[in-house]
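What follows is a set of notes on a single structure, which appears directly below.
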Amino acid sequence: MEYYNYIKALHLIFVITWFAGLFYIPRLFIYQIEAQEKPSPEKEILNKQFKIMTQRLWYIITWPSAILATLFAVWLLVLNPAWLSQSWMHVKLGFVLLLFVYHGKCHHFFKLQQRDVFKLSSNQMRIFNEGSTLILFAVVFLVILKSAVNWIYGVVGIFVLAILLMLGIKLYKRIRTKE
């Protein structure tokens with residue numbers, strides 16, 4: 001299995017680019033939502049540009065990366081089926097399923113915003129944006145620690161960090177509003 005590490009490297013590369021797309025697409029959604037509050041013609045110019053940017057990111061980077069990361073992951077599992085009997089892998093696959101749900105929800109928002117339908121506020125989208133970060137932390141801790149239990153400490157830590165970030169965002173917004 002000399003090529004095993006090449007497959008693992010390709011899997012990791014496409015996981016990274018997939019997450020890059022999932023981190024950036026909600027930011028573009030936020031900018032597009034906030035552009036709706038701008039006066040004309042700025043609103044229309046920004047909206048058109050954000051539609052192009054999200055479309056390119058989504059179909060040229062994020063979707064292909066998701067597909068390739070999945071194909072290389074399946075290939076790795078075929079080469080090493082013993083992983084499927086380990087509890088940490090079961091938990092990891094649960095998070096991967098959650099990642100696909102998150103990806104699907106991003107696709108839903110993408111389709112809506114391409115039609116100029118905005119269901120969430122920019123603050124709600126900022127909170128939604130944290131979902132991929134939490135999934136990433138959980139998966140990385142699971143893969144590195146290879147424990148179905150110890151990853152919880154890392155995830156609890158990231159939840160605490162997320163709560164502190166949200167409180168900071170709210171405080172900053174409150175200060176900005178008073179000025």
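Rule-based calculations on the coordinates, nothing more; no lab input. Computed from a prediction, not measured in an experiment: that's the story for all the values here. So basically every Cβ, Gly included, is an ideal-geometry build from the backbone, and we count neighbours across all protein chains shown.
Hey, what angle do you get for helix 87-114 against the long axis of the chain, alpha-carbon based, 0 to 90 degrees rounded to 10? Helix 87-114 sits roughly 30 degrees off the main axis of the chain. Among 165, 99, the order by Cβ neighbours within 10 angstrom, fewest to most, reads 165, 99. So what is the calculated 222 nm ellipticity per residue for the chain, using -39500 (n - 2.57) for each DSSP H run with n of 4 or more, over all residues, to the nearest 500 deg cm²/dmol? When only DSSP H runs of four or more count, the value is -28500 deg cm²/dmol. Computed 3J(HN,Hα) for the stretch 55-70, one whole-Hz value per residue from the Karplus formula 6.51 cos²θ - 1.76 cosθ + 1.60 where θ = phi - 60°, is 5, 5, 4, 5, 8, 9, 10, 5, 4, x, 5, 4, 5, 5, 4, 5, glycine and proline marked x.
By definition, a body whose alpha carbon gyration tensor gives a ≥ b ≥ c is oblate when a/c is 1.5 or more and a/b is not larger than b/c, and the chain fits this oblate description. Note on residue 119: aspartates and glutamates with a C-alpha under 15 Å away, same-chain residues under 8 apart excluded, are 34, 37.
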